[in-house]
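Report on the structure given below.
The values are calculated or read from the model by the stated rules, or taken from the named source; none is laboratory data. The structure presented is a predicted model; accordingly, all values stated were derived computationally and were not measured. No Cβ is skipped: glycine too gets one built from the backbone with ideal geometry, and neighbour counts run over all protein chains shown. Side chains included, ligands, DNA and RNA excluded: accessible areas come from the protein's heavy atoms. Shrake-Rupley method; radii C 1.70, N 1.55, O 1.52, S 1.80 Å.
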Amino acid sequence: QLRSGDIMGETSIETPWGAESREREARLYVLDWKTQKVKNSFVPIQGAREIAQIFVDQFDRAHCLTDQSIYFVCDPSTEQVLFQTDLSNWGQIVRNGFAYDVTTNKLFCLLSETLLRIEIQEKRCVEPQVIHALPMSASSGLVLKNDRIYYGSGSHLCSIQTSEN
């Protein structure tokens, strides 16, 4: 949710049940909550088929992750991509792979092989930092509780610390 009360959302053009998509690229959109109408829709990353994760920070910037593990930050009011980096060396996307720690102002990003941390700053966008290589590959997303990340690996529940120790 943006400070205005509007809602940001992301799309996918993937059609797993065989339908044909009318779109060719994933989009971000802004929904005017009061009128229940989409007030803006745009393609932030050319060629992306899915924007799989989104987190809106306290500065109204959208932190996103595509189906190809491209992390980017954009300003929805200007449609400008402020920062972009390829995280695919650290694994594939994991559903529900973002968790925000309000006490430290850090966004955690879980990929299939790695846990990364992104420091949210007002004046600039910061490169994600690797915290841990995962002991078991992640297959489902995370919960942040008491400085630990919990995630699924197949039928196992795994847990690691959010610190680098």
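Here are the numbers for the structure shown:
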| quantity | calculated |
| --- | --- |
| Single unsatisfied condition, Glu50 versus (1) open to solvent by 10 Å² or more (accessible area, probe 1.4 Å); (2) touching a helix residue (DSSP H, G or I) at 6+ places or on another chain (Cβ under 7 Å) | (2) |
| Residue match in segment 28-36 (condition: open to solvent by 20 Å² or more (accessible area, probe 1.4 Å), part of a strand (DSSP E or B) and in contact (Cβ under 8 Å) with a residue 24 or more places away in the chain) | yes |
| Residues of segment 135-164 satisfying the condition of being at pLDDT 95 or above, outside any strand (DSSP E or B) and open to solvent by less than 20 Å² (accessible area, probe 1.4 Å) | Ala138 |
| Verdict on Arg3 being open to solvent by less than 50 Å² (accessible area, probe 1.4 Å), basic (Lys, Arg), closer than 22 Å to Asn105 by Cα and modelled with pLDDT of 90 or more | no |
| Pick from segment 69-81, criterion touching a residue at least 24 places away in the same chain (Cβ under 8 Å) and in contact with a Lys or Arg (Cβ under 9 Å, 6 or more places away or on another chain), ranking: farthest from Phe98 (Cα to Cα) | Pro76 |
| Check on Phe55, under 20 Å from Ser159 (Cα atoms), of a type in the set (A, V, I, L, M, F, W, C) and either in contact with a Lys or Arg (Cβ under 9 Å, 6 or more places away or on another chain) or outside any loop (DSSP other than H, G, I, E, B) (or both) | no |
| Members of segment 114-165 found to be farther than 18 Å from Leu87 by Cβ and in contact (Cβ under 8 Å) with a residue 60 or more places away in the chain, listed by number | Glu122 |
| Test result for Val130, among the β-branched types (Val, Ile, Thr), closer than 22 Å to Val30 by Cα and either in a strand (DSSP E or B) or more than 14 Å from the chain's Cα centre (by Cα) (or both) | no |
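Listed here are the residues, each with its yes/no results for (1) surrounded by fewer than 20 Cβ atoms within 10 Å (Cβ to Cβ); (2) of a type in the set (D, E, K, R); (3) part of a strand (DSSP E or B).
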position	(1), (2), (3)
Val73	no, no, yes
Thr78	yes, no, no
Gln84	yes, no, yes
Asn89	yes, no, no
Asn96	yes, no, yes
Tyr100	yes, no, yes
Thr104	yes, no, no
Cys109	no, no, yes
Leu116	no, no, yes
